[in-house]
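Chemist: Quick one: structure below, then a few questions.
The values are calculated or read from the model by the stated rules, or taken from the named source; none is laboratory data. These numbers come from a predicted model, not from an experiment. Side chains included, ligands, DNA and RNA excluded: accessible areas come from the protein's heavy atoms. Shrake-Rupley method; radii C 1.70, N 1.55, O 1.52, S 1.80 Å.
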Amino acid sequence: MKRIVITFIGVMVAATSLMAQEEQSSSKTQKHAQRTPEERAKEMTTRLKEELNLTDQQSEELYAIHLKYAEERKGVLDAGKEEREAQRSEIKSINDKQKAEMKTVLTEEQVAKLDQMQEERMQKRGNRPQRGSGRRGRG
């Protein structure tokens, strides 16, 4: 009888811990998704200013570029398209236009470092599934 009670308590503690972790990660995801285009642009510009040693002029120009394309992406995502692939394609197109415009502001060294940072980020993602893949709606 003692074993059953101890096992039950252990299962309850494990389940509670797991639920708390899931709740915490989903709240982070929701916070990330709820950021405004201005917040996204500011975060990206701040990060790049530090990592690429941008001048104040470059920071201002990149903020404007980031804001422009963050608003475009938000428009695509808010449209609530049924077809995820079409949405992804539009977002990729926006990202490509943004990167091309950013390259007009950055020096060659900064562009090279940005490309390297993006490559490292892609390698970090490596084997992880893309957001949303393998989740709800299947089957």
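Chemist: Let me cross-check Asp96: its accessible surface, 1.4 Å probe, with only protein heavy atoms counted, in Å² to the nearest 10?
Modeler: 80 Å²
Chemist: Provide the solvent-accessible area of Met117, counting protein heavy atoms only and rolling a 1.4 Å probe, rounded to the nearest 10 Å².
Modeler: 20 Å²
Chemist: On a 18 Å Cα-Cα criterion, which of the cross-link pairs Lys92/Lys113; Lys68/Lys103; Lys42/Lys68; Lys68/Lys99; Lys103/Lys124; Lys49/Lys97 come out too long? Could you put the intermediate results ahead of the total?
Modeler: Details: Lys92/Lys113 21 Å; Lys68/Lys103 15 Å; Lys42/Lys68 12 Å; Lys68/Lys99 12 Å; Lys103/Lys124 24 Å; Lys49/Lys97 20 Å.
Distance filter (> 18 Å) returns Lys92/Lys113; Lys103/Lys124; Lys49/Lys97.
Chemist: Turning to a different aspect of this structure: With θ taken as phi - 60° and the coefficients 6.51, -1.76 and 1.60, list the Karplus ³J(HN,Hα) couplings across the range 95-103 in order, rounded to whole Hz; mark glycine and proline as x.
Modeler: 4, 5, 5, 4, 4, 4, 5, 4, 5
Chemist: Taking the full set of protein chains and a 1.4 angstrom probe, give the accessible area of Arg121 in square angstrom, rounded to the nearest 10.
Modeler: 90 Å²
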